[in-house]
1. Quick one: which strands (runs of 3 or more DSSP E) lie wholly within region 1-70 and hold at least 1 residues that are within 17 Å of Gly127 (Cα to Cα)?
2. Out of the residues in region 117-128 meeting the condition of being touching a residue at least 60 places away in the same chain (Cβ under 8 Å) and closer than 14 Å to Ser159 by Cα, tell me which one is surrounded by the fewest Cβ atoms within 10 Å (Cβ to Cβ).
3. Considering only residues that are under 9 Å from Ser158 (Cβ atoms), within 11 Å of the chain's Cα centre (by Cα) and aliphatic (A, V, I, L, M), which ones fall in region 180-236?
4. Which number in (1) under 22 Å from His184 (Cβ atoms); (2) touching a helix residue (DSSP H, G or I) at 6+ places or on another chain (Cβ under 6 Å) marks the one condition that Val48 misses?
5. Of the residues that sit in region 204-232 and are surrounded by fewer than 21 Cβ atoms within 10 Å (Cβ to Cβ) and touching a Ser or Thr at 6+ places or on another chain (Cβ under 7 Å), which one is nearest to Ile5 (Cα to Cα)?
6. Determine which single condition Ala146 fails, assuming it passes every other condition in (1) of a type outside the set (S, T, N, Q); (2) at pLDDT 95 or above; (3) over 16 Å from Asn6 (Cα atoms).
7. Please pick out the residue among Val139, Val183 that is crowded, with 24+ Cβ neighbours inside 10 Å and either free of Cβ contacts under 8 Å to residues at least 40 places away in the same chain or part of a strand (DSSP E or B) (or both).
8. Need the failing condition index for Gly178 against (1) at pLDDT 95 or above; (2) crowded, with 19+ Cβ neighbours inside 10 Å; (3) not aromatic (Phe, Trp, Tyr), just the number.
Amino acid sequence: MSILINSGDKVIVAGITGREGRARTRLMKGYGTNVVAGVSPGHGGEEVEGVPVFDTVGAAVEAVGEIYASVVFVPGPAVKEAALEAFDAGVKLAVLVPDRVPIWDVLAIDAAAREAGARYVGPNTLGVLSVGEAVLGMVGGSAESAREWFKPGPVGISSRSGGITASLAYYLGRAGVGATTLVHVGGDAVVGTPHQDVVRLFQEDADTKAVVLFGEIGSSQEEKVAELVAEGVVTKPVVAFIGGKAAREGTRFSHAGAIVEAGRGTYEGKVKALREAGAVVVDDYDKVAERTLGVLKDLGEV
């Protein structure tokens with residue numbers, strides 16, 4: 001199994017006629033994602049990569065039936081409208097790839113998702129990839145690379161860095177450790193499916209035996225994962241690496257959401273919370289695959 005996306009789930013692409021929409025539709029279809037429609041106002045009746053284009057999400061649903069996920073490739077200021085339109089049409093998952101989405105728009109998206117009983121990943125995310133199943137967004141770069149780099153196995157990956165998401169899966173695979181699903185939660189200060197939510201989903205997935213976490217300074221996502229482990233809500237092993245050890249207070253590290261403010265979200269605090277909860281915290285990124293392999297051996301999964 002996997003989390004968030006499987007091969008049979010119907011997917012639409014918002015902004016499919018744009019440069020990124022076209023390129024990533026090629027990636028998603030090539031990997032096996034069930035892309036059934038695209039949405040681009042004023043382009044209804046066209047096709048992109050063999051995918052029919054509609055003016056609205058409602059028109060797409062009317063033509064192809066219930067849709068599970070919308071992958072959004074529109075400019076940041078237009079993301080809110082695309083997400084809300086999807087939720088109004090019954091879409092249950094929106095993957096918000098763009099960055100520079102205004103924070104007040106994200107809060108509106110969050111409220112709409114809760115009201116609709118839906119979920120969103122991002123914004124500022126490379127997306128989600130369930131190995132051998134489907135990809136939402138741009139993880140892997142191309143279908144060929146994604147198939148070559150990412151191997152199926154028992155580890156779930158949750159990361160706050162897009163590049164590190166792929167890097168973790170690649171180096172784990174080289175060590176003989178495959179993955180169920182790769183999730184880039186997004187690099188902004190407010191994201192729809194943060195680490196703690198992803199880890200909960202992996203806890204519920206029968207095929208995921210351990211979780212590898214790439215965390216960063218800023219926000220409280222890693223501390224909340226530590227709470228779940230300490231409380232026994234998450235019982236599967238968590239192997240974590242935290243980036244930003246040398247960052248000073250008030251300095252942004254890589255992403256908008258990775259900034260230490262008023263002593264909160266520090267590297268030391270995250271490491272301490274995770275270790276005290278029982279997670280395996282790795283100080284050297286190059287050792288993540290080795291430590292994960294050891295954890296799996298202890299579980300009898302290798």
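The values are calculated or read from the model by the stated rules, or taken from the named source; none is laboratory data. All of these numbers come straight from a predicted model, not from anything done at the bench. A quick note on method: Cβ atoms are made from the backbone with ideal geometry, for glycine too, and the neighbour counts reach across all protein chains shown.
1. Details: elements: 10-14, 34-39, 51-54.
In region 1-70, 10-14, 34-39 are the strands (runs of 3 or more DSSP E) which contain 1 or more residues that are within 17 Å of Gly127 (Cα to Cα).
2. Filtering region 117-128 for residues touching a residue at least 60 places away in the same chain (Cβ under 8 Å) gives 119-125, 128.
Keeping just the survivors that are closer than 14 Å to Ser159 by Cα gives 121-125, 128.
Numbers: Val121: 29, Gly122: 30, Pro123: 30, Asn124: 23, Thr125: 31, Val128: 28.
Filtering region 117-128 for residues that are touching a residue at least 60 places away in the same chain (Cβ under 8 Å) and closer than 14 Å to Ser159 by Cα, the one surrounded by the fewest Cβ atoms within 10 Å (Cβ to Cβ) comes out as Asn124.
3. Answer for region 180-236, where residues must be under 9 Å from Ser158 (Cβ atoms), within 11 Å of the chain's Cα centre (by Cα) and aliphatic (A, V, I, L, M): Leu182, Val183, Val185, Val198.
4. (1)
5. For region 204-232, the residue satisfying everything is Asp205.
6. Failed condition: (3).
7. Details: Val139 fails: either free of Cβ contacts under 8 Å to residues at least 40 places away in the same chain or part of a strand (DSSP E or B) (or both).
Selected residue: Val183, the only one of Val139, Val183 that is crowded, with 24+ Cβ neighbours inside 10 Å and either free of Cβ contacts under 8 Å to residues at least 40 places away in the same chain or part of a strand (DSSP E or B) (or both).
8. Of everything listed in (1) at pLDDT 95 or above; (2) crowded, with 19+ Cβ neighbours inside 10 Å; (3) not aromatic (Phe, Trp, Tyr), Gly178 misses just condition (2).
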